[in-house]
Structures are given as structure tokens and as C-alpha cells.
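Worksheet for the structure shown next.
The values are calculated or read from the model by the stated rules, or taken from the named source; none is laboratory data. Note that the coordinates shown come from a computational prediction; the quantities given were computed from them, not determined experimentally. Cβ: placed from backbone, ideal geometry, glycine included. Neighbour counts: every protein chain shown. Accessible surface areas use protein heavy atoms only, side chains included; no ligands, DNA or RNA. Shrake-Rupley method; radii C 1.70, N 1.55, O 1.52, S 1.80 Å.
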Amino acid sequence: MAEEAKSLETARADRSVWLMKCPTVVSRAWQEAATAAASSSSSSDAAAGANPNPNPVVAKVIVSLDPLRSEEQQLQFKMEMAQKGNGNTPKSYSLNMFKDFVPMCVFSESNQGKLACEGKVGHKFDMEPHSDNLANYGKLCRERTEKSMIKNRKLMVLVNDNGMSMRPLPGLVGLMSSGPKQKEKKPLPVKPSDMKRTRRDRRELENILFKLFERQPNWSLKNLMQETDQPEQFLKEILNDLCFYNKRGPNQGTHELKPEYKKSTEDADATAS
């Protein structure tokens, strides 16, 4: 079923109103003043039958007018809070007026659900702390920053203070865990490449490599590390001097002695024989 149609009160639709964007500290102060005024009026005047004031005075606007001003110069608006603020809350604000904005209307809804058009927005204002209150406004900003950095800790009082609820029941010791269940992590096996290796003398390692290449002409880096038990980077440095790396072909991915070292090893073998 469609919702029941509601009538719109338009008696004040042609009234010119101001639209003002205010800081949170100002809107909170106005709401507190309205709540306090409503509660005090209802308690003190209920017996006399007087109606409480639903719209208390929360601020006043001061317009500065220069009779000799040109048409290009705008009026100066200043707003002063009626109630006394707390701490470093600014008391006065500058209002910057704008006329170039999208046409808007203001609507309201009462507690009984009645809708009304309160008027058309004639001027739009932005608020900023007046130059007289810039020092207090700076202190207020620092207070906000300091409060945001403080972490509030919550304390919980145990109703059962004899500690019985904190003791494990008989037979459940070892079955209950104090925290969330976590899987036991098995230690990972240490790879041979991760083990610390001690460097040999360079000449000694070169002789070992020559003997290995006599056994077979091609070796991979992994196999040479297993045979020599030397650090990978140190072994690579020597292999770059003694060998060339096969990037393609049937021996791809292996090291092979350079021709000049092949000849020297062959000559050494011939001399020894």
C-alpha cells in the first residue's frame, strides 16, 4: 500500500533565510543550550501553565556597515556566542557571505510529523574563528590532538572475587588452553644453502675445481656447491674466472672450463704421467 499523503505547510515559503555552515563545537553548544533551556523552562513554568521557549537565544550577529562603502565592498558579519564557552572554545566568529550558490529551500518536520517549508535560502555563510580568538582556537586544536593520542583503557571488575571461576576443574588440566588454539609450527628444515660455509684458500679451491672438471666436463652450480662446500657468492667469483656458463644447447645451465684452463690441466696431466 502506498504511504499516506502528507500536506506541506507553505505559509512561510517566500521568507528569506540564511544557510550557515558551522563547526561542530558551535552546533554542539547550541544543542546543549536549547536542551538546557527546554528542561529549565518545563520544570519551572509547568506549574504556572507557561509555555517553555523552544528557541532560546544562542548567539547574536553584528553587521558592520560603512555608509561610504562602494557597491563592490561587502558587508562585514561577525557572530558572538551568547553562552559562555568552556576552556578555549572561541567566543566570536567571522561570517563569510556567498551569493553565488544553487537555489535551495529549508524544510522542517515537527514531532507530530507535520511538514513545512520555512523559506528560501537568500544568503550562504561559512564560519571561521575571528582574529580575536585565533590564539584560543590554536589551543583548542592542540587539545583535540592530545586527546586523540590518548588510549582509554577499560577495567572490568570481577563479581566472583574468590577466584574459583579462574581455576581449572579437576581432570581438565592440560586440556584447557588460556588463549586461542594455535597450530604448532614445526621447525623448517635447514637447507644446505642456508648453512654457514667457511671459505677455503683461493688457490686450494681452484685445484679442487680442476680435479672436479677432470671427472666430468660440465657442472651445475648446485652440484659444485655440494662438492666443495663453499659459499655461493665466493664460488661464483672463481667460476667466472675459470669457466664459461652454457646458456643454451645440450649442456644448458652448466659451467665448463675455459679452453686455456683445459689446456693447462691437460699439460699438467701429461707432465705427471
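Here is how the numbers come out for the structure above:
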quantity	calculated
Surface accessible to a 1.4 Å probe, M104 within the full protein complex, Å²	70
Exposure of T254 as accessible area (Å², to 10), given a probe of 1.4 Å and all protein chains	20
Projected label distance in nm at T24 and N218, using a 7 Å step from Cα toward the beta-carbon	7.1
FRET efficiency, 1/(1 + (r/R0)^6) with R0 45 Å, evaluated for M156 and K78 via beta carbons	0.35
In nm, spacing of pseudo-spin labels at T145 and R197 (7 Å Cα→C-beta vector)	5.5
Chymotrypsin sites (Phe, Trp or Tyr not before Pro) within the range 88-129, DSSP loop, no more than 15 other Cβ atoms inside 10 Å	F101
Per-pair calculated FRET efficiency, R0 = 22 Å: F101 and D66 via Cβ, rounded to 0.05	0.30
